[in-house]
1. For the charge dipole of segment 4-162, defined by +1 on Lys and Arg C-beta atoms and -1 on Asp and Glu C-beta atoms about the Cα centroid, which residue among Asn13, Gly148, Leu67 has the Cα displaced farthest towards the positive pole?
2. Please report, to one decimal in angstroms, the Kirkwood hydrodynamic radius of segment 4-162 built from all distinct Cα-Cα pairs.
3. Rounded to the nearest 10 Å², what accessible area does Glu214 have for a 1.4 Å probe in the complete protein model?
4. Ignoring ligands, DNA and RNA, please state the percent of accessible area on the chain from carbon and sulfur, probe 1.4 Å.
5. At a probe size of 1.4 Å, how large is the accessible area of Met179, to the nearest 10 Å²?
6. Any idea what the dipole of segment 4-162 comes to, in debye rounded to 20, about its Cα centre with Lys/Arg Cβ at +1 and Asp/Glu Cβ at -1?
7. Report the per residue volume, in Å³, of the convex hull enclosing the C-alpha atoms of segment 225-280.
8. For the chain, just list the percent of Cα-Cα distances falling in each 5 Å bin from zero outward, please.
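The values are calculated or read from the model by the stated rules, or taken from the named source; none is laboratory data. Given the structure is predicted, the values throughout are model-derived calculations rather than measurements. Positions of Cβ are generated from backbone atoms using ideal geometry, with glycine treated the same way; all protein chains shown enter the neighbour counts. All accessible areas refer to the heavy atoms of the entire protein, side chains included, with ligands and DNA or RNA removed. Shrake-Rupley method; radii C 1.70, N 1.55, O 1.52, S 1.80 Å.
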Amino acid sequence: MQPIHVKAPAKINLFLRITGKRPDGYHDLYTLMCPLALYDTLSLSIGGKGIVVVCDHPGVPQDASNLAARSAHLFLETLFAGHAPPVSGLTIHIEKTIPVGAGLGGGSSDAAAVLMALNDYFGQPLTTQALMALGTRLGADVPFFILGGPALATGIGDRLEPFPHLTPWTALLVYPNEMVSTAWVYKNLNLRLTKDEKKLSSFHFDGRLFNVDEHLVNDLEPVTERAFPVIRAIKRLLLAHGAAGAMMAGSGSTVFGLFADPERAISVCTALCDNQQNKNWTIYVADLLI
Ligand code: ATP
């Protein structure tokens, strides 16, 4: 049988506000998420024995802890509860393009892509809603990738409402080769929370019009920036090169700049790549998938 090929997009949060902390330790968010035309490629081959992941990225686990493997396991366990699944095994090859630990949601997107690919393979036994509910068990961002398209998220990021009002933007993404643990960022956010709650009351978003000047805010940025000052330097650089706005992606360490003109984003990318000082960075240009 031919392998099944699927693409898993990255995402950015155009704003990310922390609205509170739950008794279970998770944080409540108010965030606008948008997928990007920057993709991992996954190939699923049915057969063999057990669930195997193959990925040559050193930061990605190749065992059962890989989010793509956990996703396949959860899907098969849900669909064939108590019965032997009709497939003896599955091998998932992941060609990683989305940087790892970068705040771009790569692992969650891989997990969502596997859930959707397996659901298609078995004739779509689960509705999108049911798939999203399964996804929540793998990670807060997984349902967003199943829904597809820009969305406003509340709760821990899992309560989603499509957001069809975005205008086109091209993102220039700079990953400074610093892997950041999302758990670490949230742990270090706690002390700042009271201040953030106050700030939220002055955040005016009417639920429709996203405005780069007013709404490009990320409450996680000061936490990660304190440990990785390069984030502030990249933001300044992107703004100096004409970005309409620049901000850290998710929990970091990627920084993105938004450009209305894709050609401009490409020429700035070339200029930054040519500068030897930036040779430790990985730089991408990707349109927002609106
Ligand atoms: P988020 O913004 O959703 O927190 P991130 O982009 O910061 O995600 P990921 O690239 O998803 O981070 O990786 C987070 C961790 O998950 C890494 O430590 C990595 O080892 C692990 N991981 C497990 N499976 C995968 C996968 N398929 N792809 C990438 N990372 C994975």
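1. Asn13
2. Across segment 4-162, the inverse of the average 1/r is 16.0 Å.
3. 110
4. The C+S portion of the solvent-accessible surface of the chain is 54 percent.
5. Here the residue's solvent-accessible area equals roughly 110 Å².
6. 200
7. Spelled out: Cα convex hull of segment 225-280, divided by residues, is 78 Å³.
8. Spelled out bin by bin, the chain gives 1, 5, 12, 16, 18, 16, 13, 9, 5, 3, 1, 0 percent.
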